[in-house]
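The values are calculated or read from the model by the stated rules, or taken from the named source; none is laboratory data. Because the structure is a prediction, the values reported are computed rather than measured. Positions of Cβ are generated from backbone atoms using ideal geometry, with glycine treated the same way; all protein chains shown enter the neighbour counts.
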Amino acid sequence: MPPAAVDATLAALADPTRRRVVDLLRRSPRRAGELAAHFGVSAPAMSRHLRVLRTRGLVEEERREGDARVRVYRLRPGPFRELQSWLSEVEAFWGDPLGAFKEHAERGPQGRAR
């Protein structure tokens with residue numbers, strides 16, 4: 001994942017309300033008004049959170065036929081897959097040294113397996 005994409009994703013998810021929005025959208029797409037009501041925030045405040053998530057590519061909006069005012073938000077899987085890939089690389093970095101340390105610790109002071 002390019003560093004700018006990681007930065008943008010992490011910056012968007014740095015806010016606790018946006019993380020909670022993402023968690024709620026994992027279950028199902030929701031209207032902006034539903035999200036605002038669920039979190040007890042004003043419609044303009046929720047709109048700002050959704051705009052950040054949308055500009056970072058984490059959510060997309062769909063307008064319902066017949067009523068252009070109704071927007072339904074859903075998660076976009078791509079950025080989350082990219083973030084997971086980056087996190088897996090970080091985890092692999094820590095996994096190798098920790099595994100070597102575990103083997104060393106299990107060998108004991110004389111270098112023999114316990």
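Just one of the listed residues (Val52, Val41) is in a loop (DSSP other than H, G, I, E, B) and among the β-branched types (Val, Ile, Thr), and it is Val41.
Given the structure, is Ala36 of a type in the set (Gly, Ala, Ser), in a helix (DSSP H, G or I) and surrounded by 15 or more Cβ atoms within 10 Å (Cβ to Cβ)?
yes
For first residues located in the range 76-93 and outside any helix (DSSP H, G or I), partners that are modelled with pLDDT of 85 or more and lie 6+ apart or on another chain with Cβ distances below 8 Å form the pairs Arg76/Gly57; Arg76/Leu58; Arg76/Val59; Arg76/Glu60.
If you check Leu10, Leu24 for being closer than 30 Å to Val90 by Cβ, in a helix (DSSP H, G or I), modelled with pLDDT under 95 and not hydroxyl-bearing (Ser, Thr, Tyr), only one passes: Leu10.
Of all residues in the range 46-61 being closer than 15 Å to Leu35 by Cα and not aliphatic (A, V, I, L, M), which is surrounded by the most Cβ atoms within 10 Å (Cβ to Cβ)? So that I can check it myself, show each step before the final result.
Our first condition is that a residue be closer than 15 Å to Leu35 by Cα; within the range 46-61, this holds for 46-54, 59-61.
Filter once more, so that each one left must be not aliphatic (A, V, I, L, M): 47-49, 51, 54, 60-61.
Values: Ser47: 15, Arg48: 15, His49: 21, Arg51: 12, Arg54: 16, Glu60: 13, Glu61: 15.
Only one residue tops the list, namely His49.
Could you list, in sequence order, all residues of the range 11-33 that are exposed (fewer than 13 other Cβ atoms within 10 Å of the Cβ) and over 15 Å from Leu75 (Cα atoms)? Ala11, Ala14, Pro16, listed by residue number.
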